[in-house]
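One structure is given below, encoded as structure tokens.
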Amino acid sequence: MHRLNILILAGALLAATPVWGQTPVPAPSAPADKPDVITLVSDLIAKSAGPYTPIAPGIWETTYKGKNLPVIRVRIAAAEEGVFFIVALFPRDKLALSQAFLLRIAEFNAEYDYVKLALDKASLNIRLDTHAALLDAATFSALEGQTALAADEAYVFVRNMLPIASP
């Protein structure tokens, strides 16, 4: 989410810098009655099949059963104007971060354009990001399900690249 903040800041700086001969356009203001993203996601969750477990303010978790993973834990986080669906696949310390491994992750990301494998400080995750304003209950449920399905497929993809564990 830090990258999102940087991109928003960079966009704001670029938008605020007038180009020679152009008059700056004022930034649109948000309507006063616009619900915040946490309330919006909370309302979408209330309309969804669930069950959902609140983890922290703006973060929920639900589970799916996969073909390859017995339990897929999808975390839904609401922040700023975005909704983020995240599944932790492997602890980072269990991965051999070779050039070949990272290249295969990049190839996976090119093949699956709606979700991405993302490496953070703790784990390798499947992640799907969207704008909260684009979501209705059906889209929310579909994106959540697509994240779980992609996680189940990515698990096998990554597992097959890991070194064989010694007995």
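A short reminder: the numbers here are calculations on the coordinates, not readings from a lab. Everything quoted here is computed from the prediction, not taken from an experiment. Cβ: placed from backbone, ideal geometry, glycine included. Neighbour counts: every protein chain shown.
If packing is taken as the mean number of other Cβ atoms within 10 Å per residue, what is the order of 120-128, 93-101, 135-143, highest first? Provide the component values of the computation, followed by the final result.
Details: 120-128: 17.2, 93-101: 11.0, 135-143: 15.3.
Packing proxy ranking, top to bottom: 120-128, 135-143, 93-101.
Here the extension length gained between Phe90 and Leu103 equals 3.0 nm, from 0.36 nm per residue of separation less the Cα-Cα distance.
Local charge for Ala137 was computed over the other residues whose Cβ lies under 10 Å away, with Lys and Arg +1 and Asp and Glu -1, and equals -1.
Find out how many positive minus negative residues lie around Val37, taking Lys and Arg as positive, Asp and Glu as negative, among other residues whose Cβ is under 9 Å from that of Val37.
Residues near Val37 contribute -3 overall.
At full extension, Lys67 and Ala122 could sit 17.3 nm farther apart than now, given 0.36 nm per residue minus the alpha carbon distance. Rounded to whole numbers, the Karplus 3J(HN,Hα) couplings from phi for the stretch 64-77 are 10, 9, x, 7, 9, 10, x, 9, 10, 9, 9, 9, 10, 10 Hz, using 6.51 cos²θ - 1.76 cosθ + 1.60 with θ = phi - 60°, and x at Gly and Pro.
In the stretch 32-125, Cα pairs under 8 Å separated by at least six residues give a relative contact order of 20 percent.
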